[in-house]
């Protein structure tokens, strides 16, 4: 199970809006200058994401919630996103190679097959979006932020 802690932004009628950020270790790593992940993190989009989940227990803004998704679902989604367009590219390029010897048409056919694979992946992902195995689940709910009081002794 892939787990991530998220912060409650709001809770209303059993629906919670959660905000979470990437848990990359780039802030503490010493190899920043030669690391591709660090460079991609710097030029990439903002690393704050939002997620809306159904949680029946009342929550307060600022409360922490641990959310998880099974690794198998994550791996199948990654394979769908990466392999379907690649498979479309190879299949279409192979078909075009049987029909013509002109490299331009073979290349254009491969590109078209890659785009077709991308749209097929989008359709499959839209179908998978409703399946329970691909939905994040709440693993733990932390204490509300106002329930812990620190007493200072003098």
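With neighbours defined as other Cβ atoms within 10 Å of a residue's Cβ, the residues 66, 54, 4 order from fewest to most as 54, 66, 4. Assign one of three labels to the stretch 75-121, namely rounded, prolate or oblate, based on the Cα gyration tensor with a ≥ b ≥ c the square roots of its eigenvalues; rounded applies when a/c is under 1.5, prolate when it is not and a/b is larger than b/c, and oblate otherwise. Since a/c reaches 1.5 and a/b is larger than b/c, the shape of the stretch 75-121 is classed as prolate. Counting neighbouring beta carbons within 10 Å and listing from fewest to most, the residues 138, 101 come out as 101, 138.
Counting other Cβ atoms within 10 Å as a rough exposure proxy, the listed residues 72, 77 run 72, 77 from fewest neighbours to most.
Bear in mind these aren't lab numbers, they're just calculated from the coordinates by the rules spelled out. Note that the structure is a prediction, hence the values are computed from the model and not measured. Neighbour counts are summed over all protein chains in view; Cβ atoms, including those assigned to glycine, are modelled from backbone coordinates with ideal geometry.
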